[in-house]
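Chemist: Can you read through this structure? Questions will come right after.
A short reminder: the numbers here are calculations on the coordinates, not readings from a lab. None of the values given here were measured: they were computed from a predicted structure. Positions of Cβ are generated from backbone atoms using ideal geometry, with glycine treated the same way; all protein chains shown enter the neighbour counts.
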Amino acid sequence: MYELPKFDISEAKSKILKALGKKVVWPNVMPYIILILLAGILVFYSWIAFLDYFPAHVQQLVQYMQLNAPENNGTVSQNLYESAISYEQAVISAVKSAVPSVVSIVISKNLPIYEQQYVNPFGDLGPGFEFLIPQYVQKGTQLQEVGSGSGFIVSADGMVLTNKHVVLESAAEYTVFTNEGKKYSAKVLALDPAQDLAVIKIESEETFQPIKLGDSSQIQIGQTAIAIGNALGEFTNTVSVGVVSGLQRTISASDRGGSFSETLQGIIQTDAAINSGNSGGPLLNLKGEVIGINTAMAENAQSIGFAIPINTAKNDIEQVKKTNKIVYPFLGVRYVSVDSTVQQKYNLPVDYGVLVLKGANGESAVTKSSPAEAAGIKENDVILELNGEKITVNNLLSQIITKYNVGDKVNLKILRDGQEQNIEAILAERK
């Protein structure tokens, strides 16, 4: 322990009096002068002690940390970047764990090959009357790449989840490229009839690393979102980072050619960049778990992308594993979700549920020969609950129905002419 030098107060007092030339000092001031001098001396010697004590102990701490640090076994390069910032390192770790399971999907089709030839449209008119014009003539077909997308492995035997619009071409051939650059043929196992989802299978006996699936019901607005995919069809496993910007969005999505269009509900909105070619890739949380399937981007806008919640796809994956197909329960009503605006517009006594209405082009409010028709549901009924679960704009009827199977009997609480009543319906398969 460091000791301060001994200090003689009487000696210091005599020196001070001598320095003042033995002049008279007012009795009330002298104690304060002595205290100030003592405090200065104490601070001075304390600082010396600190400078002597602190560096030595810092050096001991550094030596201790070096001695107790884990040894490098040679499997990880010492030059590998590792962020000291926990958030940044979490993103790096999440991407590292997911990338081996993310694949690029290339779509190829046999397209006709044309050759330019010169022909005489007037036939043989004799010598000197030859008139030739160029004409393209088909000479066979050739397998050519026509598109690309992304997906991710969800089972060790090579099942891949992707978007339906990526693998919609029945006449096309599909090739999967892994992060390691390996190439495999793939076949379409099932297309989801209600969502932009599909499951394909890598045609190989190898064992693959499935990605970790999260729980999209726990997503919070503002949490980090990481998108991975085959951006623009050429930059494989491109990573972009953003946040969850919104939940429970309803969008109308279509491909660039207009051959595929679908209305999707309960969608995640994110500002993580989702570019052409990212379709079908995973949207991750900081644990490296999939919380969504990248699906669409808003045209004429920046940083507005959309993903299907992973919980919506979990049932599809399990169905394909068991039956090699995806079936959806079906009620058979056309409706609008009730909120305060709809309540006011139609003068309803409630601000939740769904109002059964005709379509904008006169489509029937209740589908013919459907479970809804058999149960007696009518236009202008408000369906309030299904099996006791309240229907709201944040808990959509379409999402509640997906929790059940074809053939299940469900109880519906409806509001008709201001009176509540309960009816039963048996869900059928959606075609």
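Chemist: For a footprinting-style exposure proxy, rank S337, S364, S369, S104 by other Cβ within 10 Å, fewest first.
Modeler: Ranking S337, S364, S369, S104 by Cβ neighbours within 10 Å, fewest first, gives S369, S364, S337, S104.
Chemist: Could you calculate the contour length gain from L168 to Q419, that is, 0.36 nm times the residue separation minus the distance between their Cα atoms, to one decimal place in nm?
Modeler: Values: separation 251, 0.36 × 251 = 90.36 nm, distance 4.55 nm.
Taking 0.36 nm per residue and subtracting the Cα distance, the gain is 85.8 nm.
Chemist: By per-residue mean of other Cβ atoms within 10 Å, what is the highest-first order of 34-41, 400-407?
Modeler: Details: 34-41: 11.9, 400-407: 14.9.
The most tightly packed comes first, giving 400-407, 34-41.
Chemist: Between Y404 and K378, how high is the FRET efficiency from 1/(1 + (r/R0)^6) when r is the Cβ-Cβ distance and R₀ = 22 Å? Nearest 0.05.
Modeler: On the way: r = 22 Å, r/R0 = 1.02.
FRET efficiency, Y404 to K378: 0.45.
Chemist: Here is a follow-up. Using only alpha carbon pairs under 8 Å that are at least six residues apart, calculate the relative contact order of segment 244-351 and give it in whole percent.
Modeler: About 17 percent, as a whole number.
Chemist: Mind jotting down the three principal axis lengths of segment 316-369 based on Cα atoms? Whole angstrom, largest first.
Modeler: Sorted largest first, the three principal extents are 47, 23, 16 Å.
Chemist: Got a sec? How would V176, V333 order by Cβ neighbour count within 10 Å, fewest to most? Numbers along the way, then the final one.
Modeler: Working: V176 23, V333 26.
Least to most surrounded, the residues fall as V176, V333.
Chemist: Using a simple spin-label model with points 7 Å from Cα along the Cα→Cβ vector, what separation in nm is obtained for I426 and S364?
Modeler: Distance between the two pseudo-spin positions: 1.9 nm.
Chemist: What FRET efficiency would be calculated for the residue pair F235, E206, taking the C-beta separation as r and a Förster radius of 30 Å, to the nearest 0.05?
Modeler: Numbers: r = 25 Å, r/R0 = 0.85.
With R0 = 30 Å, the Cβ-Cβ based efficiency is 0.75.
Chemist: Something else about it: At 7 Å along the Cα-to-beta-carbon direction for both L247 and T263, put a label point, then send me their distance in nm to one decimal.
Modeler: Going by the 7 Å Cα→Cβ label model, 2.3 nm.
Chemist: Right, here's the next one. Counting Lys and Arg as +1 and Asp and Glu as -1, what is the net charge of the other residues whose Cβ lies under 13 Å from the Cβ of S104?
Modeler: Working: positive: K182, K183; negative: E145, E180, E234.
That sum, taken over residues with Cβ under 13 Å, equals -1.
Chemist: Using only Cα atoms, what Kirkwood radius does segment 330-431 have, in angstroms?
Modeler: Mean inverse Cα-Cα distance, inverted, gives 13.6 Å.
Chemist: Once the piece of chain linking I33 and V146 is laid out straight, how much longer is it, given 0.36 nm per residue of separation minus the C-alpha distance between them?
Modeler: That works out to 31.4 nm of additional length.
Chemist: Out of the GluC sites (Glu not before Pro) in segment 141-244, which ones are loop residues according to DSSP with at most 16 other C-beta atoms within 10 Å?
Modeler: E169, E180, E203, E205, E206, E234
Chemist: Something else about it: Taking neighbour counts of Cβ atoms within 10 Å as a proxy for exposure, in what order, fewest first, do L42, L286 appear?
Modeler: Starting with the residue having the fewest Cβ neighbours, the order is L42, L286.
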